[in-house]
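Notes to accompany the following structure.
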Amino acid sequence: MAQATEDQTTDVFIVGGGINGCGIARDAAGRGLTVALAEMNDLASATSSASTKLFHGGLRYLEYFEFRLVREALIEREVLLRAMPHISWPMRFVLPYHKDMRFESDTPTSKLLGIFMPWMKGRRPAWLIRLGLFLYDNLGGRKILPGTSTVALTGTPEGAPLQDRFSTAYEYSDCWVEDSRLVVLNARDAEARGARIMTRTQVVSAEKDGALWRVKTRNSETGAEHTHFARMLVNAGGPWVGDIIQTKVRLNSREGVRLVRGSHIVTRKLFDHGKCYFFQGTDGRIIFAIPYETDFTLIGTTDAEHPAPSAKPECTPEERRYLLKFANQYFKQDLDESDVVWTYSGVRPLYDDGASSATAATRDYTLKVDTSSGVPMLNIFGGKITTYRRLAEHALEKIAHHLDSKGKPWTAGVPLPGGDFPVDGFDALVEGLRRDYPFLDAFWARRLARAYGTQARDILGNATQAGDLGRNFGATLTETEVTWLMVHEFALTAEDVVWRRNKLGLRLTRDEITALNTWMAERRHTTTQTSAVG
């Protein structure tokens, strides 16, 4: 094992390279604080790459009276759209209505209706849905996104894939986001502003050392150990937040985390338009069916208790069958196991508020500063990808007086890398790429624009033909792009590239992915040798 070395003192040491950790790193670095971040695997390797990929207010949270959370999320949708129009875009959601729609029995709204309108027997009436959508349209204000409308399903593209029993739907607005790219772009921007981002770096221990934290880390690739000193420790470990408190820092804390697994299935494309479906089940739950990666449909999510962060989250056969059965209550096409081309599952680290079920547990975030060891530590529980930027601002508010920080909030509307173009400028960006690089077909140009925005040109450089970009690994993934991801976006393996920096794993064969991994390993080895000689 490599000998431990000591690093300089930083203001903030962040444990966890998911969206909360990287969002806080970016905000803190932009305020002039010195920042180090350690992620034990790849960036966004857990929950932050396994979401339903939506910036949304959370329509169903209104039934739990989570008005503060919903309002903050609704406001954030448009703030975030302006900062990242390449990886996020508006989407219309179609909510088919039928009289058998029901609440979950333990929602506050359901309980109130049971008292004052017992004849409803748990049904979710049309007037209540319209009221919820009215609140959804107006709680946060809208300048970009259109409001709710009523849609006929008979003889329309929206109704074509649905069973004939559905004749009317409500249509409202939310937004799509490329979740794992959001994390990477925050990490890149944090690094550009002076933060040190360390992937494949596990925190072994953290202890008080005078007025500082002494944090010991180990690089899983090289075995090298380092000792870091920091004035503030931020625990953004996601599902591991409790484990970090108990085993790395060894604090006695009464704060708890509730692990809830959300699983998704991906099928071949089930409909030809670009809108999402919001389906409500007879059990009171909801799922989405979303256009995904051009040729696929994403269906999810479930809510199930998860035993421990060390247990790898996987879509169980029961969850897969549940999602297929749920979707089959709506679609004309009868889906079965053979239609599923991929599944994924993530664990939401929710604050343990004592809720009776996983679905009822709050999605709001909770920030707790612990000073019991004599040096301050911020523990982060819960949160939604939509409110990550506001969570980061609140985190900096919480720790400011511990660091004598006078920096002010600055991230609202400030573009992430590649996002420096207008919200309505994406099509023009794609057209410009195809004009200046005629060898790009429509799919390739849109894929690069979605992933990299204006920085797609930095990757393409002076290329005049596809061969100028080096080896083609398949599905438009070239040697030049992979090199960019390794140099600029912390990618080390094929899995990092084809499942987190993009989703080309849906299009590449197993042999193609293996060949990519071999090439990346050889390039890393060559680069390491060259650096050593230099």
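The values are calculated or read from the model by the stated rules, or taken from the named source; none is laboratory data. On a predicted model such as this, the values are computed, not experimentally measured, just so you know. Glycine gets a Cβ as well: all are built from the backbone with ideal geometry, and neighbour counts include every protein chain shown. Just so you know, the surface numbers come from the protein's heavy atoms only, side chains and all, with ligands and any DNA or RNA stripped out. Shrake-Rupley method; radii C 1.70, N 1.55, O 1.52, S 1.80 Å.
Tell me, in nm to one decimal, what length is gained between Glu431 and Glu318 on full extension, where the rule is 0.36 nm per residue of separation less the Cα-Cα distance?
36.2 nm
Using every alpha carbon pair in the stretch 412-454, what percent of pairs falls into each 10 Å bin from 0 up to the bin containing the largest distance?
30, 53, 15, 2
With no solvent and one equal point scatterer per Cα, compute the Debye intensity ratio I(q)/I(0) for the stretch 3-43 at 0.17, 0.24, 0.28, 0.29 Å⁻¹ and report its log10, rounded to two decimals.
With no solvent term, the Cα-only Debye profile gives -0.47, -0.81, -0.96, -0.99.
Using a 1.4 Å probe on the protein heavy atoms, what percent of the accessible area of the chain belongs to carbon and sulfur?
51
For Phe166 and Arg130 in the same chain, what is the full-extension length gain: residue separation times 0.36 nm, less their Cα-Cα distance, in nm?
Taking Phe166 through Arg130 to full extension adds about 11.3 nm, to one decimal.
Divide the volume of the convex hull of the Cα atoms of the stretch 142-204 by its number of residues and quote the answer in cubic angstrom per residue.
About 196 Å³ per residue, rounded to a whole number.
Please compute the alpha carbon radius of gyration of the stretch 1-74, then divide it by the globular-protein estimate 2.2 N^0.38 Å. Two decimals is fine.
Compared with the compact-globule rule of thumb, the stretch 1-74 sits at 1.52.
Among all the aspartates and glutamates, which ones have a C-alpha under 12 Å from Lys269's C-alpha, if same-chain residues fewer than 8 places away are not counted?
Glu293, Asp295, Asp339
Below 8 Å, C-alpha to C-alpha, sequence gap of six or more: please give me the relative contact order for the chain in percent.
20
How many percent of Cα pairs in the stretch 417-486 exceed 21 Å?
17
Taking Rh as the Kirkwood radius computed over C-alpha pairs, what is the Stokes-Einstein D of the stretch 385-433 at 20 °C in a medium of viscosity 1.002 mPa s, expressed in µm² per second?
The Stokes-Einstein estimate is 159 µm²/s.
As a test, work out the antiparallel percent of DSSP beta bridges whose residues both lie in the chain, rounded to the nearest 5.
75
Between Val79 and Lys406, what FRET efficiency comes out of the Förster formula 1/(1 + (r/R0)^6) with R0 = 25 Å and r the beta carbon distance, rounded to 0.05?
Given R0 = 25 Å and the Cβ-Cβ separation, E is 0.60.
Can you tell me the accessible area per residue over the stretch 419-534, all protein chains present, probe 1.4 angstrom, in square angstrom?
Result: 49 Å² per residue.
From Cα pairs below 8 angstrom and at least 6 apart in sequence, can you work out the relative contact order of the stretch 361-511, rounded to a whole percent?
Computed value for the stretch 361-511: 12 percent relative contact order.
In Å and from the alpha-carbon atoms only, list the Rg and Dmax of the stretch 300-457.
Just the Cα atoms of the stretch 300-457 yield Rg and Dmax of 22.2, 62 Å.
Sort 37-43, 126-132, 372-378, 452-458 by the packing proxy (mean of other Cβ within 10 Å over each peptide's residues), most packed first.
Answer by packing, highest mean first, reads 37-43, 452-458, 372-378, 126-132.
Any of Lys143/Lys275; Lys143/Lys325; Lys332/Lys503; Lys275/Lys398; Lys99/Lys332 with alpha carbons more than 30 Å apart? Name them for me.
Lys143/Lys325; Lys275/Lys398
Considering Cα pairs under 8 angstrom that are at least six residues apart, work out the relative contact order of the stretch 265-389 and quote it in whole percent.
Result for the stretch 265-389 is 20 percent.
Can you list residues whose amide H is under 5 Å from Ala224's amide H, if they're 5+ apart or on another chain and H is modeled 1.01 Å from N?
Hits under the 5 Å cutoff: Ala2, Asn219.
For the stretch 454-521, what Kirkwood radius comes out of the mean inverse Cα-Cα distance, in Å?
Answer for the stretch 454-521: a Kirkwood hydrodynamic radius of 12.1 Å.
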